[in-house]
Amino acid sequence: MMILGLVRWMQPVHGYDVRRELLSWSADKWANVQPGSIYHALRKLTEEGLLRAVATEQVGGRPARTTYEITEKGQEEFESLLRGLWWELNEPADPFAAAFSFLPALPRDEAAAALRNRAILLRAGMAWMRTSLESDWLRDTKPVHVGWMFELWTARAEAEAAWCERIAERIDSGVSYLPAGIDRAEGWSGWEQQLPRHPSQPE
C-alpha cells in the first residue's frame, strides 16, 4: 500500500526516489517496509499490472533508472487497501507478546527488571517524540497529520510504559502466575514444576 500510494503521489517517479522518500519517513520502523525490498516490490507490482514502467534511462555510468506510474487497476487496489486499513482494526504482530507469553520461564527478578527497562526505553522514545512535536522541524517541514501520528505513538508508549511498571510491581510481590488449583489440572503440572522459584519462597 505504501509503495502504491507513493507512486500515485509522486508519479512519474524513479524507484530511487520512492526508496528515498520511504526512508525519510522511517517507514522501515513503523510500516514494515524494508529498503532492500522496494525495487523488488516495484517490479512485482508492475508484473501484476498495478504499476507501469513508462521509461528507463541511464546517465553516465550510473545504474539504469526506471520511471513508474500507477495504473487504473493499481489505483483501485490502493484505494481498497487504504480504506481497509482506515475502517478495520488490524492488530500488529508484537514479538514482545510472544516473549511475555512465556513469562514464567524467566526468574522473577529478571522479568521485573526487563519490564522496568522496557518502560525506560519507551519513555526515552516519548521524550524524543514530544521534543519533535515542539520543534520547527516538524511544524515547518511536515504535514500537520504527521504530528498527529506522533501524538498517537506517544499515547501508546505512555500506556505501555505504565503497564510495564505496574506488572513489574506485581511480579516483585510474588503473586502466583497460575490461578489457585490450576497446577493440579491436567496439562499444567509440568509447567508449574518448571516455574523459577522466587527468592522469598522456601526450598
What are the pairs with Cβ atoms under 8 angstrom where one residue, in the range 44-68, is among the aromatic types (Phe, Trp, Tyr) and the other, located anywhere, is outside any loop (DSSP other than H, G, I, E, B) and at pLDDT below 85? Sequence gap at least six, or different chains. Tyr68/Val13; Tyr68/His14; Tyr68/Gly15; Tyr68/Val18
Looking at the range 168-180, I want the residues that are within 19 Å of Arg118 (Cβ to Cβ) and open to solvent by 30 Å² or more (accessible area, probe 1.4 Å) and have a partner that is modelled with pLDDT under 90 and outside any loop (DSSP other than H, G, I, E, B) with Cβ atoms under 6 Å, at least 6 apart or on another chain. Which pairs are those? Tyr177/Pro104
Which fully enclosed helices (runs of 4 or more DSSP H) of the range 75-152 have 1 or more residues being over 30 Å from Thr46 (Cα atoms) and modelled with pLDDT of 85 or more? 95-100, 108-133
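If I filter the range 48-57 for residues that are modelled with pLDDT under 80 and part of a strand (DSSP E or B), do I get at least one hit?
For the range 48-57, residues modelled with pLDDT under 80 and part of a strand (DSSP E or B): present.
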Does Arg156 meet the test of being surrounded by fewer than 14 Cβ atoms within 10 Å (Cβ to Cβ), under 18 Å from Phe100 (Cβ atoms), at pLDDT below 95 and not hydrophobic (A, V, I, L, M, F, W, C)? yes
Flagged in the range 12-40 as modelled with pLDDT of 85 or more and among the small types (Gly, Ala, Ser), in numbering order, are none
Taking the condition within 30 Å of Met129 (Cβ to Cβ) and at pLDDT below 85, does Trp9 pass? yes
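The values are calculated or read from the model by the stated rules, or taken from the named source; none is laboratory data. Note that this is a predicted model, so its numbers are computed, not measured. Using ideal geometry, Cβ is built from the backbone for each residue, glycine included, and neighbour counts are taken over all protein chains shown. Heavy atoms of the whole protein, side chains included, go into the accessibility calculation; ligands, DNA and RNA do not. Shrake-Rupley method; radii C 1.70, N 1.55, O 1.52, S 1.80 Å.
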